[in-house]
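Heads up, the thing below is written out as structure tokens.
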Amino acid sequence: MRGVALPSEEAAEFWITEGVLTCEPVRDATTVVDGGWLLPGLVDAHTHPGAERPGDPLDGRLLRRHGREHLAAGVTLLRVPGSADRLPAWFGTEPDQPRVVSAGHWLGLPGMFYEGWARQVGQAELAHAAVEEALASGGWCKVYADWVVDEKGLDAPPLSADLLGDLTRRVHAVGGRVAVHAQTAEGARAAVEARVDSLEHGLGLDTALLDRMAEQKTALVPTFTVWATFEEVARVSGSDRFRDWFRSAHARLGPLVAAAYDAGVTVLAGTDSYGTPELPHGTVAGEVRLLATASMPPEAAVGAASWTARSFLGFPGLEPGAPADLVAYDRDPRTDLSVLDSPMRVIHRGRVVR
Ligand SMILES: [Zn+2]
């Protein structure tokens, strides 16, 4: 493969041996990319493959199909911050599936998240359950700090910063990381004070907390894609209060993300896709465009779905010894983000996928 590698912008030549990138020429190699732009494989940092409707159990056939949909779009790495159950070991390791960083079963207090979909536990057991999920997933756990899909959610108290802080220390002590769902100002504040690893959504986040997030390396995953579909939920909710809350929170998410990026917060691209017609998988390119619409520089928006996300999740970019997971485009995606919709090549685990 030869082309301009990002983010370094260097003219690069890579070979692949045993699924790994090398700069040492390989005899009789087949050229699979001859010119263009080479990016580390794309990442959707917030997606939920394997079950499409609230309450549905995890379905192996759907999981496989959703994984392939991501991969066809050049997404070679998924972070799945919570699922309807713990993900099976084959998902994320089979040749035709993206790599996966998972967070086990969603964790929430009773009343948080969709009925029957989360592992709901009381406050006293939440930290223990988070440690269990992080150990079982081999990495992350996912906890709901609040849950607002109707007017009722606006009045429910969020998790306390103390509880979330204790939970985070205990998960960190076993080598795990903590993703926290927060839609309200209070939920987001609790997550930041608890020093969690990633804040998912962050609709109501107070911009005064952004410097602290940057300093303690709490990432922000705003998931613009799902909020675009939520306009309809708010419209038909029958609650003026809920609709007005959502519209104003949604309207300030763009400026919030721009301010987060300026403050040095790691902002990542996540779609919150489930595989429904409104939220299909393999659409992280759209999330990149929404990040750019929010005034993130195009290069940073692309990085949020590639090298920045990989680094945050502990995966290398394009370098000798790295897994040969990459995507190639015929034009520079930073100058035209629509280029991301049409990868010229997708290479995963050293094999040509597309
Ligand atoms: Zn989600």
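Tabulated values for the structure
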{"read-out": "Volume per residue that the Cα convex hull of region 93-142 spans, once the total is divided by residue count, Å³", "value": "79"}
{"read-out": "Cut-off under 5 Å, modelled amide H: who pairs with Leu220 long-range", "value": "Leu199, Thr266, Val267, Leu268"}
{"read-out": "Sum of -39500 (n - 2.57) over DSSP H runs of 4+, divided by residues of the chain (222 nm, nearest 500)", "value": "-10500 deg cm²/dmol"}
{"read-out": "Radius of gyration and Dmax over the Cα atoms of region 27-113, both given in Å", "value": "15.9, 61"}
{"read-out": "Cα gyration tensor category, rounded, prolate or oblate, for region 79-173 with a/c compared to 1.5", "value": "oblate"}
{"read-out": "The chain - charge dipole about Cα centre, Lys and Arg +1 at Cβ, Asp and Glu -1, debye rounded to 20", "value": "400"}
{"read-out": "Region 116-237, relative contact order [Cα under 8 Å, separation at least 6], %", "value": "21"}
{"read-out": "Prolate/oblate/rounded label for region 262-354 (Cα gyration tensor, a/c 1.5)", "value": "rounded"}
{"read-out": "Sum of side-chain charges, Gln216 neighbourhood, beta-carbon under 14 Å (Lys, Arg +1; Asp, Glu -1)", "value": "+2"}
{"read-out": "Whole-angstrom Cα spans of region 202-250 along principal axes, big to small", "value": "41, 20, 9"}
{"read-out": "Gained length - Glu13 relative to His128, 0.36 nm times residue gap less alpha-carbon distance", "value": "36.6 nm"}
{"read-out": "Label point 7 Å beyond Cα of Thr22 along Cβ direction - residues of region 327-354 with amide nitrogen under 15 Å", "value": "350"}
{"read-out": "Added length on full extension, which subtracts the Cα-Cα distance from 0.36 nm per residue, Asp240 to Asp166", "value": "23.0 nm"}
{"read-out": "Kirkwood hydrodynamic radius of the chain, from inverse mean 1/r over distinct Cα pairs, in Å", "value": "20.4"}
{"read-out": "Residue order for Leu87, Leu39 - accessible surface, 1.4 angstrom probe, largest first", "value": "Leu87, Leu39"}
{"read-out": "Size descriptor, Kirkwood hydrodynamic radius, that averages inverse alpha-carbon separations across region 125-258, Å", "value": "15.2"}
{"read-out": "Local net charge near Asp341, Cβ-Cβ under 15 Å (Lys/Arg +1, Asp/Glu -1)", "value": "-1"}
{"read-out": "Cβ crowding within 10 Å averaged over residues, with 162-173, 279-290 ranked highest first", "value": "279-290, 162-173"}
{"read-out": "Carbon and sulfur %, accessible surface of the chain computed with the full protein complex present, 1.4 Å", "value": "50"}
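The values are calculated or read from the model by the stated rules, or taken from the named source; none is laboratory data. What you see is a predicted model, and the numbers here were worked out from it, not measured in a lab. We place every Cβ from the backbone using ideal geometry, glycine too, and count neighbours over all the protein chains shown. Areas reflect the complete protein model, heavy atoms only, side chains present, ligands, DNA and RNA absent. Shrake-Rupley method; radii C 1.70, N 1.55, O 1.52, S 1.80 Å.
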